[in-house]
Amino acid sequence: MNRTEKAAEVNRLETEFAGTENAFLLGLAGLKVSQVVELRRQIRATSSRCKVIKNTLAEIAGSKTRLKDLTKDLRGPVAIAYTDSKDPSALAKALYNASKSLPKLAVRAGFVGGKVVSPEKLAEISTLPSRQELLGKLAFLLAQPISRLAGVLAAPVRTLGAVMGQLKSRKEA
C-alpha cells in the first residue's frame, strides 16, 4: 500500500468513524479465517460493520474522531466492529454470543454512548433489551393507567346493563 492509498484509506475510515455511535475493539489472535468470516456474518446480521484494519491506519483515523480513546493502544491482529445505530445491544449480543462459541475471540474495549467501556460491560450491555423492546414496554406502562381509568368509568354503564338484563328476565318469568 503506497502513501496515497493509505491517505485515502485513512480519509474513508475517518468518515465512517465520525458517524459511529457504538464500536467494539476485537482481538483476533488465534482465530482461523473461517471463524473470522463467520464472525463478520453474525455482525453484519445486526446491521453493523466489522473491519480488520492496519493498526497504524486505524489509530490515525481514530485520533481525529470520537473513537480516539478506543484506538489509541492497538496492538496485534484486531478488528473494529461498529454501528451507526444508537442501540448497542444488538451488536453487543452478537459479539457476546460469538465469544461463547469462539473462546479465542477477545473483546478488548468498547465505545458506547460516547464513553470507552471495559470488556466486562459487554456482558451487561448484551443482556439489555433492545431499544424497540424498551420503547414498547414504556408505551405499555404509559397506556395502562389510561385503560384502567376507562375500565373504571365504564363499570357503572356495564353494571346498569346487567341490572336491566336481570329485571327484564324477572319480568318475563
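Of the heavy-atom accessible surface of the chain (probe 1.4 angstrom), what whole percent is carbon and sulfur? Intermediate results must be reported in sequence, preceding the final value.
Values: 6500 of 10920 Å².
Using a 1.4 Å probe with all protein chains present, the chain comes out at 60 percent carbon and sulfur.
Which whole-number value in Å² is the accessible area per residue of region 45-114, probe 1.4 Å?
Details: 3380 Å² over 70 residues.
Heavy-atom SASA per residue in region 45-114 reads 48 Å².
For region 50-97, max minus min Cα coordinate along each principal axis, in Å, sorted largest first?
If we take the Cα atoms of region 50-97, the spans are 28, 22, 14 Å.
Could you give me the radius of gyration and the Dmax of region 66-167, taking only the C-alpha atoms into account and expressing both in angstrom?
24.6, 85
So, taking all protein chains as they sit and a 1.4 Å probe, how much accessible area belongs to Ser85, in Å² rounded to tens?
50 Å²
Plugging the Kirkwood radius over Cα pairs into Stokes-Einstein for the chain, at a temperature of 10 °C and a viscosity of 1.306 mPa s, what D comes out in µm²/s? Spell out each step's value before the answer.
On the way: Rh = 19.3 Å.
The calculation lands on 82 µm²/s.
Over the heavy atoms of Lys72, what accessible area does a 1.4 Å probe trace out, to the nearest 10 Å²?
Lys72 has an accessible surface of roughly 130 Å² with all protein chains in place.
The values are calculated or read from the model by the stated rules, or taken from the named source; none is laboratory data. Nothing here was measured: the structure is a model prediction, and the numbers come from that model. The area values use the complete protein model at the heavy-atom level, side chains included, leaving out ligands, DNA and RNA. Shrake-Rupley method; radii C 1.70, N 1.55, O 1.52, S 1.80 Å.
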